[in-house]
Amino acid sequence: MSGFEDYKGTWVFIEAKDGDIAPVSLELLGAGRQLADKRNAPLAGLLIGDNVTKLAKKAFEYGADVVYVYDAPIYRHYRTETYMRAVLACVEKHKPEILLYGATSTGKDLASAVATDLPTGLTADTTQLDVEADTGLLLASRPAFGGNIMATILCKKYRPQMATVRAKVMKALPRQPGRTGAIVAESIPLREEDIRTKVLDIVRATTHRARIDEADIIVAGGKGLGSAAGFQLVHELADVLGAAVGASRDVVEAGWIGHHHQVGQTGVTVTPKIYFAVGISGAIQHIVGMQNSGLIIAINKDPNAAIFNSCHYGIVGDAFVILPLLTEAFRVALAKGELSNAGKI
């Protein structure tokens, strides 16, 4: 591509969370390393926060060659305005060819604000990444038309090329202890009194179960359970296993459970060790969100259900008969110490 000679390298926005690097950022460093190597270019991290310079060491161990750091109290809490100004300044100064963000609430908000101001294109919720070695054109693919096709989106006229990428779809590289790189300290003139938004308090939701994107075991239910009352069978098995509860889109839209339990294209991508799919037909929109689970067990009374093409073990039968039997069998086995508990079967 002509006119883009000054734009070089792949960058990853490194999201700092609770004093550590968010897992999705480590996954993106792995994906970014492949893109950078294909272009014979460096991989850089962009790290913004308060007292975050120490996290650069971990970024190097997971693949970064350079980390640009904005470290100041004004970045203690994420605010669109402060982070956007830092990203814009760094991009305009160092000119990356590609800039990737995790498709988290922070990453999506920041990426869209940056894309509007530069301006450049932004591919949202990407699930596959590649780059043309000779041109540097980013091939960012994502499900489209209800998940029935994969669309590959190109940004031919602007740089940097940007994408938000779903958690759990890319793989972090094995950690390389002792691997080092260059830390580049950056700063821009920002005063608290000039920032329009203030963070007054942060309230975290609490739950007795693991989040579905972090759970080792997920019991997910679909419309095949018939009603909100029938869906309680999923909760009962999850309670016994110490598992998280997942759901198909139809279940969420019916109001049986909240959206943050939705697995799939318009929900959360998960990779548990064990995934129970109960009364779920197996539409591609759901499959893309759980297909990388370690062990998938499907229960459906329709022997021709598509879910059986994507599972390791399938049980053809009535969930209203099978689920109570499974729940009781696990309860007895756990009581006897035949299985470990707390979601680590």
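Within 17 Å of residue 24 (Cα to Cα), surrounded by 15 or more Cβ atoms within 10 Å (Cβ to Cβ), among the charged types (D, E, K, R) and assigned by TED's automatic domain parsing to the domain that holds residue 52: does that describe residue 130?
Numbers: within 17 Å of residue 24 (Cα to Cα): no; surrounded by 15 or more Cβ atoms within 10 Å (Cβ to Cβ): yes; among the charged types (D, E, K, R): yes; assigned by TED's automatic domain parsing to the domain that holds residue 52: yes.
Here the answer is no, as residue 130 does not meet what is asked.
Please work out if residue 106 is hydroxyl-bearing (Ser, Thr, Tyr), assigned to a strand (DSSP E or B) and in the same structural domain as residue 33 (by TED's automatic domain parsing). Walk me through it before giving the result.
Numbers: hydroxyl-bearing (Ser, Thr, Tyr): yes; assigned to a strand (DSSP E or B): no; in the same structural domain as residue 33 (by TED's automatic domain parsing): yes.
The answer is no for residue 106.
Write out, first by first residue and then by second, each pair whose Cβ atoms fall under 7 Å of each other, whose residues are 6+ apart or on separate chains, and whose first residue, in segment 311-332, is over 25 Å from residue 284 (Cα atoms) while the second is acidic (Asp, Glu).
Once the first residue is over 25 Å from residue 284 (Cα atoms) and sits in segment 311-332, its partners that are acidic (Asp, Glu) give 327/236.
Which one of these does residue 175 not meet: (1) buried (at least 17 other Cβ atoms within 10 Å of the Cβ); (2) assigned to a loop (DSSP other than H, G, I, E, B)?
(1)
Please state which of the following conditions residue 305 fails to meet, knowing it meets all the rest: (1) over 17 Å from residue 237 (Cα atoms); (2) open to solvent by less than 20 Å² (accessible area, probe 1.4 Å); (3) under 24 Å from the mean Cα position of the chain (by Cα).
(3)
Hey, can you tell me all the residues within segment 56-90 that are in a helix (DSSP H, G or I), of a type outside the set (Phe, Trp, Tyr) and within 21 Å of residue 9 (Cα to Cα)? Show your work before the answer.
Let us first name the residues in segment 56-90 that are in a helix (DSSP H, G or I), namely 56-61, 73-75, 80-90.
Okay, now just the ones that are also of a type outside the set (Phe, Trp, Tyr), so 56-59, 61, 73-74, 80-82, 84-90.
56, 57, 58, 59, 61, 84, 85, 86, 87, 88, 89, 90 - these are the residues of segment 56-90 that are in a helix (DSSP H, G or I), of a type outside the set (Phe, Trp, Tyr) and within 21 Å of residue 9 (Cα to Cα).
So, in segment 7-34, how many residues would count as being surrounded by fewer than 18 Cβ atoms within 10 Å (Cβ to Cβ) and of a type in the set (Asp, Glu)?
The number of residues fulfilling the criteria is 2.
Hey, any hits in segment 137-156 for a residue that's surrounded by 21 or more Cβ atoms within 10 Å (Cβ to Cβ) and over 21 Å from residue 105 (Cα atoms)?
Yes, the conditions are met somewhere in segment 137-156.
Being assigned to a helix (DSSP H, G or I) and not aliphatic (A, V, I, L, M) is the filter; apply it to segment 240-265 and report the residue that is surrounded by the most Cβ atoms within 10 Å (Cβ to Cβ). Let's see the steps before the verdict.
Within segment 240-265, the subset assigned to a helix (DSSP H, G or I) is 240-241, 249-253, 259-261.
This time we only want the ones that are not aliphatic (A, V, I, L, M), so: 249-250, 253, 259-261.
Working: 249: 20, 250: 17, 253: 12, 259: 12, 260: 14, 261: 23.
Here the residue is 261.
List every residue pair whose Cβ atoms lie under 7 Å apart, where the two residues are 6 or more positions apart in sequence or sit on different chains, the first residue falls within segment 102-119 and is in contact (Cβ under 8 Å) with a residue 60 or more places away in the chain, and the second residue, located anywhere, is of a type in the set (Gly, Ala, Ser) and assigned to a helix (DSSP H, G or I).
Between residues of segment 102-119 that are in contact (Cβ under 8 Å) with a residue 60 or more places away in the chain and residues that are of a type in the set (Gly, Ala, Ser) and assigned to a helix (DSSP H, G or I), the close pairs are 102/25.
Residues checked against (1) under 23 Å from the mean Cα position of the chain (by Cα); (2) basic (Lys, Arg); (3) at pLDDT 90 or above:
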position: 189; (1), (2), (3): no, no, yes
position: 192; (1), (2), (3): no, no, no
position: 224; (1), (2), (3): no, no, yes
position: 284; (1), (2), (3): yes, no, no
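The values are calculated or read from the model by the stated rules, or taken from the named source; none is laboratory data. As the structure is a prediction and not an experimental result, all values here were calculated from the model. Heads up, the Cβs are rebuilt from the backbone with ideal geometry, glycines too, and the neighbour counts pull from every protein chain shown. Just so you know, the surface numbers come from the protein's heavy atoms only, side chains and all, with ligands and any DNA or RNA stripped out. Shrake-Rupley method; radii C 1.70, N 1.55, O 1.52, S 1.80 Å.
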